[in-house]
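The values are calculated or read from the model by the stated rules, or taken from the named source; none is laboratory data. Bear in mind the structure is a predicted one, so any value in this text is a computation, not a measurement. Here Cβ is always computed from backbone atoms with ideal geometry, including for glycine, and neighbour counts include all displayed protein chains. Just the protein is used for accessible areas: all its heavy atoms, side chains included, with ligands, DNA and RNA removed. Shrake-Rupley method; radii C 1.70, N 1.55, O 1.52, S 1.80 Å.
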Amino acid sequence: MNIVEKIENSSLRTDVPQFKSGDTVKVYQKIKEGDKERIQVYEGVVIARKGSGIRSAFTVRKNSYGVGVEKTFLINSPLIDKIELLYKGKVRRAKLYYLRKKKGKEAKIERLDMVQQQ
Amino acid sequence: MIKALIGKKIGMTQIFDKDGMIVPVTVIKAGPCIVVEKKNKQTDGYDALQLGYGEAKSFRLNKPVLGKFTKNNLTPLKVLKEFRGSEIDEIKIGDTIDISIFNDVTSVSITGITKGKGYQGVVKRWGFGGGKDTHGSMFHRAPGSIGQSSYPSKVFKGLRMPGHMGMSKNTVLNLKLVKIDGEQNLMYVKGAVPGANNNIIYIYAADKSGRKLNK
């Protein structure tokens, strides 16, 4: 293993659950306001996973009061407190960008099974 | 005190800083360097240290260079580089200078040989705009006119033309020192550094304007 790989592997997180496109996740995000820090929860469907190693990222889409919202997170970012996997989804694609054009029931993803947390 | 080292570019990556932001960094193996020669004002006209880096097999060096090492019982070294600076009285020949001299430094300037690009045209070498590719342009990446006819009747010196590009000395000023790993002699510098990976580079502590501190 070369030095650059070692550096990258040393800052990888180990507490991230295995998830892929179509899964519903809860992201606990640390937000700094002045010198105070709070945690904001963002829940939605993973529509894409990108990159590998320390550069890997994922995009979460949700419907917020009728408006579609997408947020992209770096998986290994220290700004993420934790990631919780809620449901597995039944999808046939790696990138679910088609969800952007769907509305209502069409934008729903069939859930495979509940994932037991706690 | 001379705050400069010889090092090797390892490669680029990204790390998270303390605010959680991702920072592009170049990883550099800096030193440890060995003092091979000392120069002083009386005999040489200036104060300087000659540092050596990277072990070499003795049969690969010629006799005058090898003599420098055998005279002082040092192991032969590949790279030799002189760094000027005063306050070098306590340092002796054979001393090791390692990355800890950069511990209180916030930014560095780095000199190296850039990647060779070969023979390049004016668009890549000098940033000329070139012409339109389509619409019957007939003028694409050529340099265009290089002067007038009867007056001045010559091409001015220094006119930007095609030619060999890269493989030249280049210094990047004021790179932020993100992290120092003293155990492994590694240095993390924000941004890019001249040359390919495994390139030999010279690292200088920088002052506020990015100039080399030891000059």
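Could you work out what % of the accessible surface of the protein assembly as shown is carbon and sulfur, using a 1.4 angstrom probe and leaving DNA, RNA and ligands out of the count?
Solvent-exposed carbon and sulfur of the protein assembly as shown make up 49 percent of the total.
In a GNM of chain B with a 10 Å cut-off on Cα contacts, which of B:Leu80, B:Leu175, B:Leu61 has the highest mean-square fluctuation?
It is B:Leu61.
Distance in nm between label sites at A:Arg38 and B:Val123, each 7 Å beyond Cα in the beta-carbon direction?
5.4 nm
What is the sum of charges, Lys and Arg at +1 and Asp and Glu at -1, for the other residues whose Cβ falls under 11 Å from the Cβ of B:Asp19?
That works out to +2.
From the residues B:Ser58, B:Leu80, B:Ile101, which one has its Cα farthest along the dipole of region B:48-131 in the positive direction, the dipole being from +1 and -1 charges on Cβ of Lys/Arg and Asp/Glu about the Cα centre?
Of the listed residues, the answer is B:Ser58.
If ligands, DNA and RNA are left out, what is the accessible area of B:Asp44 with a 1.4 Å probe, given in Å² to the nearest 10?
So the heavy atoms of B:Asp44 present about 60 Å² to solvent.
Between A:Thr59, A:Thr72, A:Thr24, where does the largest GNM mean-square fluctuation fall for chain A, given springs only between Cα atoms within less than 10 Å?
Per the Cα network of chain A with a 10 Å cutoff, A:Thr72 tops the list.
What number comes out for accessible area per residue over chain B if the probe is 1.4 Å? Units Å², please.
Result: 61 Å² per residue.
Report the local net charge at A:Ala57: Lys and Arg +1, Asp and Glu -1, summed over other residues whose C-beta lies under 10 Å from its C-beta.
+3
At a probe radius of 1.4 Å, figure out the A/B buried accessible area, summed over both chains, and give it in Å² to the nearest 100.
Protein heavy atoms only, the A-B interface buries about 1100 Å².
Round to the nearest 0.05 the FRET efficiency obtained for A:Leu12 and B:Asp19 when R0 = 22 Å and r is the Cβ-Cβ distance.
0.70
Please sort by residue number the trypsin sites (Lys or Arg not before Pro) in region B:27-134 whose DSSP state is loop and whose Cβ has at most 15 other Cβ atoms within 10 Å.
The qualifying sites are B:Lys57, B:Lys92, B:Lys115, B:Lys117, B:Lys132.
For B:Leu186, what charge total do you get from the other residues with a beta carbon under 14 Å from its beta carbon, if Lys and Arg give +1 and Asp and Glu give -1?
0
Among all stretches of chain B without exposed chymotrypsin sites (Phe, Trp or Tyr not before Pro) (DSSP loop, at most 14 other Cβ atoms within 10 Å), which one is longest?
Result, exposed sites excluded: B:47-138.
So with the 1.4 Å probe, I'd like the accessible area per residue for chain A, rounded to whole Å².
Computed with neighbouring chains in place, this is 68 Å² per residue.
Do any residues of region A:1-23 lose at least 40 Å² of accessible area when the full set of protein chains is present rather than just their chain alone, and if so which, with a 1.4 Å probe?
A:Ile3, A:Val4, A:Ile7
Run the numbers on region B:9-52: which residues show a drop of 50 Å² or more in accessible area, chain on its own versus all protein chains together, using a 1.4 Å probe over heavy atoms?
Residues passing the criterion (a loss of at least 50 Å², heavy atoms only) are B:Thr13, B:Gln14, B:Phe16.
I'd like the distance separating the alpha-carbon centroids of region B:112-145 and region A:12-39, in whole Å.
About 47 Å separates the Cα centre of region B:112-145 from the one of region A:12-39.
Choose one answer from B:Met165, B:Met138, B:Met187: the residue with the largest mean-square fluctuation in a GNM of chain B with alpha-carbon springs under 10 Å.
Most flexible of the set in this elastic network: B:Met138.
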